[in-house]
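Here's the structure we're looking at; comments come further down.
The values are calculated or read from the model by the stated rules, or taken from the named source; none is laboratory data. Because the structure is a prediction, the values reported are computed rather than measured. With ideal geometry, Cβ positions are generated from the backbone for all residues, glycine too; neighbour counts draw on all protein chains shown.
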Amino acid sequence: MTTVTTPALPSRLPTVGTTIFTVMSALAAEHGAINLGQGFPDFDCDPALIDAVQAAMHAGLNQYPPMTGVPALRHAVAAKIGALYGHTYDPDREITITAGATQAILTAVLCCVHPGDEVIVLEPCYDSYAPNIELAGGRIVRVPLTPRTFRPDFTAIAAAITPKTRAIIVNSPHNPSATTWTRAEMQRLADLLDGTSILLISDEVYEHMVYDGAPHVSAAGIPALAARSFVVSSFGKTYHVTGWKVGYVAAPAPLTAEFRKVHQFNVFTVNTPVQHALAAYMADARPYLELPAFYQRKRDLFRAGLARTRLQLLPSEGSYFQCVDYSAVSDLPEGEFCQWLTRDVGVAAIPISAFYEGGFEQRIARLCFAKKDETLLAALDRLARL
């Protein structure tokens, strides 16, 4: 008799399990909690954007687009970057449309990191960075941001650079801390990398969510950084359509050429009618120019309610997250506190420790305010007991 067995498969990512976002979202659903953990809006996008997708479909734009992206969308992205940050990218040779920012970052890592290369990541960091580096055969070099303020520690970054350093990944506005890098900090990074062959992967998916009149400082706007950077952004974040999974990468032509070699084989191309719809929608700059005011109002509403609790508010300079210090509420570790908050208070949050290798306890939790006002007010009503 033949024995039917599944062969053993050595894992490429042996330490990776279920993400904290999946765990907390499942716990929220189980207990009927308001989910302020996972970062996505609970409101709809502009109906005009839906109409534009339908129009593209009805116009027969349903077959493969160019591997690099629909030309009209690449031109629209280049025009936006030029207008906002003063850097001119060639839309044909330096802009690539991607299947979301997560794919963009993976592809950037795979195209430039060789086995044994080192990549600096600044903790706490988004959870895809480290597995991307591992899949490329690279070595992850973790440098902590300054605890509690989450400012870059340039002395520590400089100490982490070796002849094997291939790249550094920077995220501003920052997930999870909601801090943003200043122009002085971005310039200091440029000075630090000057004279090296180190590449920068600049994760700027929250570029249009910067508050209190401050500008977003893009790597594209610092010439010395633009020359060595893959600049990554997300239409999903900007236009409230995270499930569409469409983003882009802007990079100098030599870097883009290598990026596209990998892109054509791990994705090849991206949803055609959505690309045409986004290109048409971008003809009006107001949706992204008005986004800071849209989210700042939600941030301020949420912060005003949280101020009436015993949670201590940390600055929220950008992104759609608010971090809170819960030391006055509980002595529990962050993961346990967020589970308690979900089960007993009815509001799901994410522990900041989940964004560090092995965890790092600061008694800080992250909440998402990209929600309808009624959702935020309901959550605040539950949190009022704190």
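Can you confirm whether Ala283 is closer than 30 Å to Leu49 by Cβ and surrounded by fewer than 17 Cβ atoms within 10 Å (Cβ to Cβ)?
Judged against the criteria, Ala283 is a match.
Each row is one residue, and each column tells you yes or no for (1) more than 25 Å from Leu377 (Cα to Cα); (2) modelled with pLDDT of 95 or more.
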| residue | (1), (2) |
| --- | --- |
| Thr3 | yes, no |
| Ser11 | yes, no |
| Ile34 | no, yes |
| Asp51 | yes, yes |
| Pro91 | yes, yes |
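Need the failing condition index for Ile198 against (1) surrounded by fewer than 20 Cβ atoms within 10 Å (Cβ to Cβ); (2) of a type outside the set (Gly, Ala, Ser); (3) over 18 Å from Phe154 (Cα atoms); (4) in contact with a strand residue (DSSP E or B) (Cβ under 6 Å, 6 or more places away or on another chain), just the number.
That leaves (3) as the condition not met.
Report every pair of residues separated by at least 6 positions or lying on different chains whose Cβ atoms are under 7 Å apart, first residue within the stretch 1-20 and surrounded by 10 or more Cβ atoms within 10 Å (Cβ to Cβ), second of a type in the set (Lys, Arg).
none
Being at pLDDT 95 or above, hydrophobic (A, V, I, L, M, F, W, C), over 15 Å from Ser25 (Cα atoms) and not in a helix (DSSP H, G or I) is the filter here, so list the residues in the stretch 349-364 that pass it.
Ile364
Filter the stretch 234-254 down to residues that are under 21 Å from the mean Cα position of the chain (by Cα) and surrounded by fewer than 23 Cβ atoms within 10 Å (Cβ to Cβ) and give me whichever is farthest from Ile97 (Cα to Cα). Don't jump to the end; show me each part of the working.
The initial filter retains those residues of the stretch 234-254 that are under 21 Å from the mean Cα position of the chain (by Cα), namely 234-251.
Next, only the ones that are surrounded by fewer than 23 Cβ atoms within 10 Å (Cβ to Cβ) stay: 236, 238-240, 242-245.
Values: Gly236: 12, Thr238: 15, Tyr239: 16, His240: 18, Thr242: 15, Gly243: 16, Trp244: 13, Lys245: 11 Å.
Looking at residues that are under 21 Å from the mean Cα position of the chain (by Cα) and surrounded by fewer than 23 Cβ atoms within 10 Å (Cβ to Cβ), I get His240.
Is it true that Arg299 is in a strand (DSSP E or B), at pLDDT 95 or above and under 25 Å from Ser172 (Cα atoms)?
Values: in a strand (DSSP E or B): no; at pLDDT 95 or above: yes; under 25 Å from Ser172 (Cα atoms): yes.
In short, no.
Of everything in the stretch 246-293, what is of a type in the set (A, V, I, L, M, F, W, C), assigned to a helix (DSSP H, G or I) and closer than 15 Å to Leu106 by Cα? Give them in sequence order. Before you say what the answer is, go through the steps one by one.
Here is the first cut: in the stretch 246-293, the residues of a type in the set (A, V, I, L, M, F, W, C) are 246, 249-251, 253, 255, 257, 259, 262, 265, 267-268, 270, 274, 277-280, 282-283, 285, 289, 291, 293.
Next, only the ones that are assigned to a helix (DSSP H, G or I) stay: 253, 255, 257, 259, 262, 265, 274, 277-280, 289, 291, 293.
Leu255, Phe259, Val262, Phe265 - these are the residues of the stretch 246-293 that are of a type in the set (A, V, I, L, M, F, W, C), assigned to a helix (DSSP H, G or I) and closer than 15 Å to Leu106 by Cα.
Against the condition over 21 Å from the mean Cα position of the chain (by Cα) and crowded, with 20+ Cβ neighbours inside 10 Å, how does Leu306 come out, does it pass?
Working: over 21 Å from the mean Cα position of the chain (by Cα): yes; crowded, with 20+ Cβ neighbours inside 10 Å: yes.
So Leu306 fits the description; yes.
What are the residues in the stretch 286-303 that are surrounded by fewer than 21 Cβ atoms within 10 Å (Cβ to Cβ) and in contact with a Ser or Thr (Cβ under 8 Å, 6 or more places away or on another chain), if any?
Pro287, Tyr288, Leu291, Arg303, listed by residue number.
Of a type outside the set (A, V, I, L, M, F, W, C), over 19 Å from Met24 (Cβ atoms) and out of contact with any Pro (no Cβ under 9 Å at 6 or more places or on another chain), is that true of Gly346? Lay out the reasoning, then the answer.
Values: of a type outside the set (A, V, I, L, M, F, W, C): yes; over 19 Å from Met24 (Cβ atoms): no; out of contact with any Pro (no Cβ under 9 Å at 6 or more places or on another chain): yes.
No; evaluated as a whole, the condition is false for this residue.
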